[in-house]
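A short write-up of the structure that comes next.
The values are calculated or read from the model by the stated rules, or taken from the named source; none is laboratory data. What you see is a predicted model; the values in this text were computed from it and never measured. Quick reminder, even Gly has a Cβ in these numbers, built from the backbone with ideal geometry, and neighbours come from all protein chains shown. Each accessible area value is taken on the protein alone, full model and side chains, heavy atoms only, with ligands, DNA and RNA left out. Shrake-Rupley method; radii C 1.70, N 1.55, O 1.52, S 1.80 Å.
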Amino acid sequence: MEKYDFKAVEQKWQDKWEKEKPFKAIDFHPTKPKYYVLYEFPNISGSLHMGHLKGTIPADALARYKRLKGYNVLFPIGGDSFGLPAENAAIKTGINPRKFVENGSKTIFGQFKKLGLSFDWDRTFNTSDEDYYKWTQWIFLQFFKHGKAYKKKGVVNFCPNCKTVLSNEDSQGGKCDRCGGDVRQEERWVWFLKMKEYSEKLLDNVDRIQMAESLKEAQRNWIGKSEGMQVRFDIFSDNGEKVGNMEIFTTCIETIYGITFVVLAPEHDLVEVLKSNIKNFDEVLAYKEKTALRSEFDRLSDQKEKTGCKLEGVYAVNPVNNTKVPVFLADFVLANYGTGAVMAVPTHDQRDFEFAQAFGIPMIQVIEGDCSKHAVEKKEYLAKNSKMLNSAEFSGLPVKEAKEKIAQKVIAMGVGQKKINYRMQDWSFNRQRYWGEPFPIVFCDHCGTVAVDEKDLPVTLPETNDYLPNANGDSPLSKVADWVNCKCPKCGRPARRETDTMPNWAGSSWYWLRYVDPHNDKALADFEKLKYWGSVDCYTGGTEHITRHVLYSFFWQNFLYEIGAVPTRDPFIRKMGSGLILDDQGKKMSKSSKNGASPLEVIEKYGVDVARLHVHFLGGYEDNTPWTYDGITGITSFLDKVWALQDMVKGDAVSKEHIYELNRLIKKVSEDLEDLKLNTAISAFMIFVKKVRDDGFITKEELRQFLILLNSLAPHITSEEYEVVFGKELLDDKWPEYDEKFLVEDVVPLPIQVNGKLSKVISVSRNITQDELLVEIEKQYPEIYSKGKVLKKMIYVPGRIANLIF
RNA sequence: GCUGGUGUGGCGGAAUGGCAGACGCACAGGACUUAAAAUCCUGAGUUCGCAAGGACGUGUGGGUUCGACUCCCACCACCAGCACCA
């Protein structure tokens, strides 16, 4: 046996894979079934980190396993390359972000190759490649043409320092992600995609996909479906003249007799309508302005202090009992949810309670409970099914019954109907940035907003060296005059291009479709190829942006499916969120972590196969696991033993000594690979190796099967050893199958319990009857059972356990 | 606050109604060695006991069951997501 030189061997196989491309996915393979494994493509921003390692290698193991199982596997990789890292670098250096992406992707893909990942490299692209973003633009055009993209003024997060609009994510805590300065709310033109329309379809998608419950719940939360009623309240001026009406949304119609005021969001249109009737309009306007200036963050941070402003001179009327109630403006009511107006029942809603206390508004209790210190809310009174109070003919009824009856009454009166609301908003889709897909949209004084002709796609980014927005916060592209000025595609007169670009999310919302046919210049991908590869069978990646990324992906593919551009509605069948590798503080590992190890260091020192097994062995794929070098020697010594197996070969066929262990190993490893439970798979391998070493031999056939089983986890050493022993290529071989009849042994250890507690373990034939078992127990352990003793009961599960109750 | 998830030796973790702690690390003892490293063998949840053997033990308290880490109820802690969503 030659000493195992991991550096040389790993390099040898990686070179071979690069040259011979054994992992190439074959379109329309005549015999093999397809399997699509996807790893969430990396952001092109820096160098390989532990997160990549934790995410890629289980996907690679699955892909390799499925190939050996006889599947035609598509396992592609690319780069998510539009976005902030490249843009920021460009601002700093003045060099085109394209350069940054070129270098960055070379680096990260090179490092991926060092991991020995079995990607089909012929399908690789970056989202900022022109022939990729051509199709991102094409998809936007379809949204636009089908009326699902529109431009409208909206209030957005704006950083006055960077002069750019920020997403909620980029402005967390009210601070700009880029400069750390305060973020303001500003009204700007915003492109929206009509995602809200897809709420129900997205909920269906969430139900269908295989994914951890916590992740599904986060997505349902984000969509935020809530069922309730919309009810109309008429508004009167103080002299009794009807001057308007307002629609409110409530999920608690049962509390309608407890209303003591109603509230409008400060931005609500009704304020303008009622202007002439509002006596304190100056005050109202001042309140509106004050809240408009406060950032979203401020509005949330002092949520304990309720602020508001009464509309003097008008009142609303509760339709069920004609009670007059005051109308307030308050910023705890959000303009963009429901109708932007609520009925307030301080006894049964904590926010209303606090507001009523602050403004000295009376309260009426309509459901049992103690409302003196805080509101008795829905959750509590519904759980107890409390009784109604002070609610006319509904008083005394259980709340669940009253809820339905009051709803019927309101509907019968013609002032309300059942209504479903969603928290999710339409997707704000433009950024004032250079490094993104330009919108294929032109503004013409005569024709308005016009789509660029599809044959003129892509609309490419112009060269510039100025990557900062202008003083008004317009995109850097607005400074490139000869790009902005163009001809109207419709009438040919001078027109101007849209200068905003799409968000980073755009390119990642359909990329798995492009892998199917990455060089197609006629369509985003060939329809028949899309049909062949279908949905992604297993999609792995980090959990950082998983909620939005998955929902955006569902949304785009739903739309593309509906317009007939793709043959499947579901992008993914199964989505796994990889856990984090934590540092010694229990935090996500970063460069500042004290024990922050780089995967490249580990590979340099121990080799890729060791690094892979070690990371798998740290814990489950979806679990967060602390990084440690502790235990890595267990892996190196295991692989040393695997390498040494070649010197222990005696005999050819599977031996009777190992037939059960080998069959169990095949079953265990196959199941664990399907579930990505790789830590327990490795332990099964260790147990098998220990058995073989105890017996002092392994047969040729046993070694062959063993190496194939281990190949997807430790591809280099197994490929090499297979070649050394068998003189052939492991990849040409097939995954071994197990035989059920070798999974059960005839003689098994059977635990004997006495009154439910373990007493002894005896070795018996698997099929022994209860009577025979008792005889056996009496023979071996008369102190447990003998003929004279009276058994109250006996539980016997053959092969599992026996419990004797006296 | 709401929602979801998790809680097991000194550590990473196994076991989803049937021998708790697989596998690995660290630890202890032994073999080999002039010695060390490496390697190999053995031991080990805690506790009482020389031992045989016993008691206790999966966050806490109850329950269901012949039998519970596993199922049910209440509580505690931690992690994640959302957060004035009417």
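At-a-glance table
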read-out: Identity of the residue in region A:778-803, at pLDDT below 85 and among the hydrophobic types (A, V, I, L, M, F, W, C), that ends up nearest to RNA strand B (Cβ to nearest atom); value: A:I784
read-out: Subset tally (residues that are over 20 Å from the mean Cα position of the chain (by Cα) and surrounded by fewer than 24 Cβ atoms within 10 Å (Cβ to Cβ)) for region A:68-85; value: 7
read-out: Members of region A:732-764 found to be open to solvent by 50 Å² or more (accessible area, probe 1.4 Å), touching a helix residue (DSSP H, G or I) at 6+ places or on another chain (Cβ under 8 Å) and either in a strand (DSSP E or B) or within 16 Å of RNA strand B (Cβ to nearest atom) (or both), listed by number; value: A:E745, A:K760
read-out: Conditions (1) in a loop (DSSP other than H, G, I, E, B); (2) of a type outside the set (G, A, S); (3) touching a strand residue (DSSP E or B) at 6+ places or on another chain (Cβ under 7 Å); (4) open to solvent by less than 60 Å² (accessible area, probe 1.4 Å): number failed by A:K490; value: (4)
read-out: Qualifying positions in region A:446-468 - β-branched (V, I, T) and farther than 27 Å from A:A149 by Cα; value: A:T464
read-out: Failed item, numbered, when A:D672 is tested on (1) acidic (D, E); (2) over 27 Å from A:G651 (Cβ atoms); (3) not in a helix (DSSP H, G or I); value: (3)
read-out: Members of region A:395-441 found to be of a type in the set (D, E, K, R) and in contact with a Pro (Cβ under 6 Å, 6 or more places away or on another chain), listed by number; value: A:R431
read-out: Residue in region A:354-361 that is in contact with a strand residue (DSSP E or B) (Cβ under 6 Å, 6 or more places away or on another chain) and within 23 Å of A:G308 (Cα to Cα) present; value: yes
read-out: Count of region A:602-660 residues which are within 11 Å of RNA strand B (Cβ to nearest atom), assigned to a loop (DSSP other than H, G, I, E, B) and either of a type in the set (F, W, Y) or open to solvent by less than 20 Å² (accessible area, probe 1.4 Å) (or both); value: 5
read-out: Positions within region A:396-425 being open to solvent by less than 70 Å² (accessible area, probe 1.4 Å) and among the acidic types (D, E), in sequence order; value: none
read-out: Any hit, region A:101-117, residues being within 30 Å of A:I563 (Cβ to Cβ), open to solvent by 50 Å² or more (accessible area, probe 1.4 Å) and not aromatic (F, W, Y); value: no
read-out: Of all residues making up region A:217-227, the number that are more than 7 Å from RNA strand B (Cβ to nearest atom) and open to solvent by less than 20 Å² (accessible area, probe 1.4 Å); value: 2
read-out: Yes/no for A:Y434 being surrounded by fewer than 20 Cβ atoms within 10 Å (Cβ to Cβ) and of a type in the set (S, T, Y); value: no
read-out: Pick from region A:509-541, criterion of a type in the set (S, T, N, Q) and at pLDDT 95 or above, ranking: nearest to A:Q432 (Cα to Cα); value: A:S509
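Let's see how each residue does on (1) touching a residue at least 60 places away in the same chain (Cβ under 8 Å); (2) buried (at least 17 other Cβ atoms within 10 Å of the Cβ); (3) touching a helix residue (DSSP H, G or I) at 6+ places or on another chain (Cβ under 6 Å); (4) more than 25 Å from A:G154 (Cβ to Cβ):
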| site | (1), (2), (3), (4) |
| --- | --- |
| A:M229 | yes, yes, yes, yes |
| A:F233 | yes, yes, no, yes |
| A:D238 | yes, no, no, yes |
| A:V243 | yes, yes, yes, yes |
| A:E247 | yes, no, no, no |
| A:I253 | yes, yes, yes, yes |
| A:E267 | yes, yes, no, no |
| A:L270 | yes, yes, no, no |
